[in-house]
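The structure under discussion appears below in the form of structure tokens.
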Amino acid sequence: MIEAKGLTKRYGKTLAVDDLSFSVEPGRVTGFLGPNGAGKSTTMRMILGLDNPTAGQVTVGGKRYTELHHPLRTVGALLDAKWVHPNRSARAHLMWMAKSNKIPARRVDEVLDIVGLTAVAGKRAGGFSLGMSQRLGIAGALLGDPEVLLFDEPVNGLDPEGILWIRKFMHRLADEGRTVFVSSHLLSEMALTASELVVIGKGRLITQSSTEEFVARAAESTVKVRTPQLDKLRALLAQASATVDIEGDGLIVSGMESEKIGETAANHGVVLHELSPQQGSLEQAFMQITGDSVEYHAALEAEARHALAGQDVR
């Protein structure tokens, strides 16, 4: 379990994370969403002890990351897929990580096989594509067989087969009772992967809820209608204060439930060929909820760190 309480981080005059509190429970995949520059990467860095909070705290299994004796056995993370010495082979990189946490050498070959890199285990990591680097980063996260896993944009550079693989893999990890916390800008994929969401903007918590609740609350549901009497039905629904748009050979209706649309059509002798309720998307819900938070540009965090170059921000 990950638990943040009043988590705050300042870089000079820039407030990157502002009194942020949330929890990530085991047994599910929790998505971490927010506009660029919302503070997601900074939050993950604080979870992993790479940055120290200005105020508040974040714990993993009740302990701060720096208090963990062999941290890779408790927390596995992928924040930057290219954080590998380019002249090291995939196996050498993982072997170095394993030795640092007293992980058996046989585990290196196990995780290479899990992520599909066995055939290139002896090749220089610097020559890997982004997708291969992502797989190597995932292997590193799995190395200690940890109970908690953090992934930042894990599907970057992966082909459709790789994206499907990691989606199923995350579900399997959660089904094993592990805590899985994943940040991604690919909202269509998050809708299929995450059952829980933590959404932030301008460093603050916007909401934490199930994915289903988030979409239902924020995205407007519509109904697709097809009829050979399109103009007549359109006029009837507009008279009933529904919002009606033409799309292809049918109508998209909002502000009226499908049952009411069907009753209206029946009462006026309108033949229906299709009446399909359509739930709003995660992307629509995200844009609706975070619309006021996009003013905070992604460059600010990087500029703040650059301004503090040479200072101890850990």
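The values are calculated or read from the model by the stated rules, or taken from the named source; none is laboratory data. Just so you know, these numbers come straight off a predicted model, no measurement behind them. Using ideal geometry, Cβ is built from the backbone for each residue, glycine included, and neighbour counts are taken over all protein chains shown.
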Filter the strands (runs of 3 or more DSSP E) completely within the stretch 1-107 down to those with at least 2 residues that are out of contact with any Pro (no Cβ under 9 Å at 6 or more places or on another chain), over 29 Å from residue 130 (Cα atoms) and modelled with pLDDT of 95 or more.
2-11, 14-24, 55-60
What do you reckon, is residue 241 over 30 Å from residue 30 (Cβ atoms), at pLDDT 90 or above, of a type in the set (S, T, N, Q) and surrounded by fewer than 18 Cβ atoms within 10 Å (Cβ to Cβ)?
yes
Checking the condition touching a residue at least 12 places away in the same chain (Cβ under 8 Å) and of a type in the set (D, E, K, R), which residue from 175, 231 passes?
175
Return the only residue of 113, 80, 109 being in contact (Cβ under 8 Å) with a residue 40 or more places away in the chain, closer than 30 Å to residue 168 by Cβ, exposed (fewer than 15 other Cβ atoms within 10 Å of the Cβ) and charged (D, E, K, R).
80
Output the residues belonging to the stretch 196-238 that are among the basic types (Lys, Arg) and in contact with a strand residue (DSSP E or B) (Cβ under 8 Å, 6 or more places away or on another chain).
202, 204, 217, 224, 226, 234
With crowded, with 23+ Cβ neighbours inside 10 Å and either acidic (Asp, Glu) or in contact with a strand residue (DSSP E or B) (Cβ under 9 Å, 6 or more places away or on another chain) (or both) as the only criterion, which of 31, 61, 27 stands out?
31
Considering only residues of the stretch 116-135 that are in a helix (DSSP H, G or I), in contact with a strand residue (DSSP E or B) (Cβ under 9 Å, 6 or more places away or on another chain) and of a type in the set (A, V, I, L, M, F, W, C), which is surrounded by the most Cβ atoms within 10 Å (Cβ to Cβ)?
125
